[in-house]
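Please read the structure below before turning to the comments.
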Amino acid sequence: MNILLFGAPGAGKGTQSELLVKKLSFLQISTGDLFRAAIKNKTALGQTAQSYMDKGELVPDSVVIGMVDEVLANLNGKNFILDGFPRNVAQAEALGKILSQRQLEIGKAVFLEVPSEALLSRLTGRRVCKSCGAVYHIASKPTHKTGVCDSCGGEVIQRNDDKEDVIATRLKTYAESTAPLKQYYKSLGKLVAVDGDRNSEEVFVSIKAELGK
Ligand code: ADP
Ligand code: ZN
């Protein structure tokens, strides 16, 4: 089954996707990661995306949709998780069209529910490895050596969009544009809400149960 994961910034989509990849062999399609890779590689797509990301705004729908369509064209039969896409109803509708053109389907739309107080501390304390992308948190998951990645020795930094003023815009964008997806997928009978305000292993167990695994 193919699934999509959505929720507020900091809800734990990336962490849960990583577990789904490792333990259930899903292919992760993270639009945020794809944009960050494009920025790192200094492509035209990266340049476009960065100007929006740095402000905490959504990258224009046409750009994101084109990018996802390209990935979906090269799946080689793997089950996939959409992580961070769709992020508004227009993207969800476009996704529906792309999928049916490719004779693909989303089985469940998993919503990670986390109270807004928890989101803020998760985001302001988040740190990421510049080289391998490993995710840390200054309080709940610090690196052994400050600023150095435990797994690859790379430099551990704060994402530009994890600075407090940008976080405020991201949360607002989420509330206005992404939260309505709950109703959208509910009416399609695909919505599954999971309590994301627990440690990541517990959340993962719930997601697995929802997937019948
Ligand atoms: P988070 O979910 O924590 O905000 P992501 O890595 O998913 O982090 O996204 C980071 C940024 O990338 C977003 O704030 C937005 O600018 C851009 N982005 C990611 N996915 C999309 C999308 N589907 N549509 C528009 N912009 C996106
Ligand atoms: Zn690393």
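Throughout, read-outs are computed from the coordinates displayed, never taken from laboratory work. Note that the structure is a prediction, hence the values are computed from the model and not measured. Quick reminder, even Gly has a Cβ in these numbers, built from the backbone with ideal geometry, and neighbours come from all protein chains shown.
Once the Cα gyration tensor of the range 13-124 is diagonalised, what are the square roots of 5 times its eigenvalues, in whole Å and ordered largest first, as equivalent ellipsoid semi-axes?
Values: eigenvalues 93, 77, 44 Å².
With the √(5λ) rule applied to the range 13-124, the semi-axes are 22, 20, 15 Å.
Taking loop as defined by DSSP and a crowding limit of 11 other beta carbons within 10 Å, which GluC sites (Glu not before Pro) in the range 53-115 fit? Working shown, then result.
Working: sites: E57, E70, E93, E105, E113; in loops: E57, E105.
Qualifying residues, ordered by number: E105.
Determine the calculated [θ] at 222 nm for the chain from helices alone, applying -39500 (n - 2.57) to every DSSP H run no shorter than 4 residues and normalising by the residue count; nearest 500 deg cm²/dmol. Please report the intermediate quantities before stating the final value.
On the way: 9 runs with 94 residues, N = 213.
Using -39500 (n - 2.57) per qualifying helix, the result is -13000 deg cm²/dmol.
Over the alpha-carbon set of the range 156-207, work out the extent along each principal axis and list the three values in angstrom, largest first.
Taking max minus min along each principal axis of the Cα atoms, the range 156-207 gives 38, 29, 14 Å.
As I understand it, the dipole of the chain uses +1 on the Cβ of Lys and Arg and -1 on the Cβ of Asp and Glu, about the Cα centre. Which of G107, G77, Q50 lies farthest toward its positive end?
G77
Could you pull out every one of the aspartates and glutamates with an alpha carbon less than 13 Å from that of K55, ignoring same-chain neighbours closer than 8 positions?
Excluding near neighbours in sequence, the set is D161, D162, E164, D165.
Rg to Rh ratio, the range 88-165, alpha-carbon atoms and Kirkwood radius? Could the numbers behind the result be given before it?
Numbers: Rg = 17.6 Å, Rh = 15.3 Å.
Rounded to two decimals, Rg/Rh equals 1.15.
Among N88, G154, V64, which residue has its Cα positioned farthest towards the positive end of the charge dipole of the chain, with +1 placed on the Cβ of Lys and Arg, -1 on the Cβ of Asp and Glu, and the dipole taken about the Cα centre?
G154
For the chain, what log10 I(q)/I(0) values come out of the Debye formula at q = 0.12, 0.14, 0.18 1/Å, with one point per alpha carbon and no solvent?
At q = 0.12, 0.14, 0.18 Å⁻¹ the computed log10 ratios are -0.62, -0.87, -1.54.
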